[in-house]
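Trainee: Before we start, here is the structure in question, set down as structure tokens.
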Amino acid sequence: MYSEYQHLIDLSDYPVSWWKKVVELGEKIYQSPADYAHVCDGKIMATLFYEPSTRTQMSFQTAMIRLGGQIIGFDNPANSSVSKGETIKDTTKIVSNYADVLVMRHPVAGAAKAASLTTDCSVINAGDGGHLHPTQTLTDLLTLKIEKQTLSGLTIGMCGDLLNGRTVHSLCKALSQFENNKFIFMSTPELRMPAYIKDIIKASGSVYEEVNTIEEVIDKLDVLYMTRIQQERFASVEEYLAQKDTYVLDAEKMKGAKKDMIVMHPLPRVDEITIEVDDDARAMYFKQAKYGMYVRMALIMTILSEKKSSETLKGKVYTGVRCDNPRCITNHEEYLPKSFRFSRDETLLECEYCDERKLI
């Protein structure tokens, strides 16, 4: 199934050369933003945020304004026709009549892909539940490019909610495509990195290990990527409270880290990084948020300037087969075609919207 518009739903839909092009353009804009002040004159971007956001929404809006374009959209579905029961298809189909590019955040996995099937403009995934967050990944790649001068040969520690953390899922998929990167995952057994992400890492030739604490590995890391325990991803408050204070990065732990290690975080922070760490020169999370604006400027320019079509569904539509993931968009919007692809070993079907696996 093809769309005549170019979309960014998942970075893995594009070759590594495309990611590098966007990141390199983001670095050029960072160095000389005034050169790009009128690139999007006359263009309109719609931001449809079905769940709260500060950095992603504002950085996209600021990016478009700095490029000379204008913005429309909503940041609270209660103030739109969504509150009346309107489907994603109807909302995005209508809004795409008014805009040149649509940026969408949604709490349900696969929502942006669902929108891309029928919109009359390009769609950018600004986060779909606990699934993917490709523009945060581009932000992270630009941060590493500027602060570490490389995207290869790094030991990257990821800590916190690795099960529901869409930022770490996307970043793992991306960094596994660069040479000699090693991943160390720090989480509780209940919040381990999903199997499909670990399979992608192994298939790329990269390696990973799983540990229980920050202290046992912090001296090995070039990058420590902290994440918050996300209350909104838990079924109950009790489950969240049982996990929330497990991992806290403080000044004492930072004493054991390399002098050139950097600390990253997609934000918002709750209590997983203490305020005292902010004064450490290795803390990059505030700069990281600023880099996000520049790379989103680069992405908007790229998406709007490249007119090639996108393949929206690559798998096979199975009649009578449903995704087992209750958080998949196909279990919320019944009209969607149930498309699956085979896993790498061809023993499982993978939902094309949320990557959930099921036995054939």
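The values are calculated or read from the model by the stated rules, or taken from the named source; none is laboratory data. Since the structure is predicted, the reported quantities are computational estimates derived from the model, not experimental observations. All Cβ positions, even for glycine, are placed from backbone atoms using ideal geometry, and neighbour counts span all protein chains on display. Surface areas here come from the heavy atoms of the whole protein model, side chains and all, with no ligands, DNA or RNA. Shrake-Rupley method; radii C 1.70, N 1.55, O 1.52, S 1.80 Å.
Trainee: Filtering the range 248-277 down to residues that are under 25 Å from His169 (Cβ atoms) and open to solvent by 20 Å² or more (accessible area, probe 1.4 Å), which residue is modelled with the highest pLDDT?
Mentor: Lys253
Trainee: In the range 182-193, what residues are open to solvent by 10 Å² or more (accessible area, probe 1.4 Å) and free of Cβ contacts under 8 Å to residues at least 40 places away in the same chain?
Mentor: Selection gives Lys182, Pro189, Arg192.
Trainee: Restricting attention to the range 313-334, and to residues there that are farther than 20 Å from Tyr196 by Cβ and outside any strand (DSSP E or B), which single residue is most open to solvent (accessible area, probe 1.4 Å)?
Mentor: Step by step, filter the range 313-334, then rank; the result is Thr319.
Trainee: Here's a follow-up. Since Cys159 meets every condition but one in (1) farther than 24 Å from Ile300 by Cα; (2) surrounded by fewer than 24 Cβ atoms within 10 Å (Cβ to Cβ); (3) not hydroxyl-bearing (Ser, Thr, Tyr), which condition does it not meet?
Mentor: Only one criterion is unmet by Cys159, namely (2).
Trainee: Test Glu179 against the criterion of being modelled with pLDDT of 90 or more, open to solvent by 20 Å² or more (accessible area, probe 1.4 Å) and out of contact with any Phe, Trp or Tyr (no Cβ under 9 Å at 6 or more places or on another chain), and give yes or no.
Mentor: yes
Trainee: Let me ask another. Within the range 278-311, how many residues are within 30 Å of Ala251 (Cβ to Cβ), open to solvent by 70 Å² or more (accessible area, probe 1.4 Å) and in a helix (DSSP H, G or I)?
Mentor: So the answer is 4.
Trainee: Scan the helices (runs of 4 or more DSSP H) fully inside the range 18-119 and keep the ones with 1 or more residues being in contact (Cβ under 8 Å) with a residue 60 or more places away in the chain, basic (Lys, Arg) and within 19 Å of Thr312 (Cβ to Cβ).
Mentor: Here the list reads 88-95, 111-116.
Trainee: Hey, another quick one. Quick check on my filter: what residues within the range 247-260 are touching a helix residue (DSSP H, G or I) at 6+ places or on another chain (Cβ under 8 Å), in a loop (DSSP other than H, G, I, E, B) and closer than 23 Å to Gly165 by Cα?
Mentor: Passing the criteria: only Asp250.
Trainee: Taking only the range 89-114 into account, find how many residues are open to solvent by 40 Å² or more (accessible area, probe 1.4 Å) and either under 20 Å from Glu311 (Cβ atoms) or at pLDDT below 95 (or both).
Mentor: Of the residues in that region, 3 qualify.
Trainee: Restricting the range 123-153 to residues that are touching a helix residue (DSSP H, G or I) at 6+ places or on another chain (Cβ under 8 Å) and open to solvent by 10 Å² or more (accessible area, probe 1.4 Å), which is modelled with the lowest pLDDT?
Mentor: My answer is Gly130.
Trainee: Which residue is nearest to Leu304 (Cα to Cα), if the candidates are limited to the range 56-67 and must be surrounded by fewer than 18 Cβ atoms within 10 Å (Cβ to Cβ) and not polar (S, T, N, Q)?
Mentor: Looking at residues that are surrounded by fewer than 18 Cβ atoms within 10 Å (Cβ to Cβ) and not polar (S, T, N, Q), I get Ile65.
Trainee: Counting only residues that are of a type in the set (Phe, Trp, Tyr) and outside any loop (DSSP other than H, G, I, E, B), which one in the range 335-360 is most open to solvent (accessible area, probe 1.4 Å)?
Mentor: Residue satisfying both the conditions and the ranking: Phe342.
Trainee: Still on this model: Could you look through the range 68-88, keep only residues that are within 22 Å of the chain's Cα centre (by Cα) and within 26 Å of Pro337 (Cα to Cα), and pick out the one that is surrounded by the most Cβ atoms within 10 Å (Cβ to Cβ)?
Mentor: For the range 68-88, the residue satisfying everything is Ile88.
Trainee: Under 6 Å between Cβ atoms, at least 6 apart or on separate chains: pull out the pairs that start in the range 301-323 with a residue that is free of Cβ contacts under 8 Å to residues at least 60 places away in the same chain and end on any residue that is surrounded by fewer than 17 Cβ atoms within 10 Å (Cβ to Cβ) and not in a loop (DSSP other than H, G, I, E, B).
Mentor: Final answer for the pair search is Gly315/Arg341.
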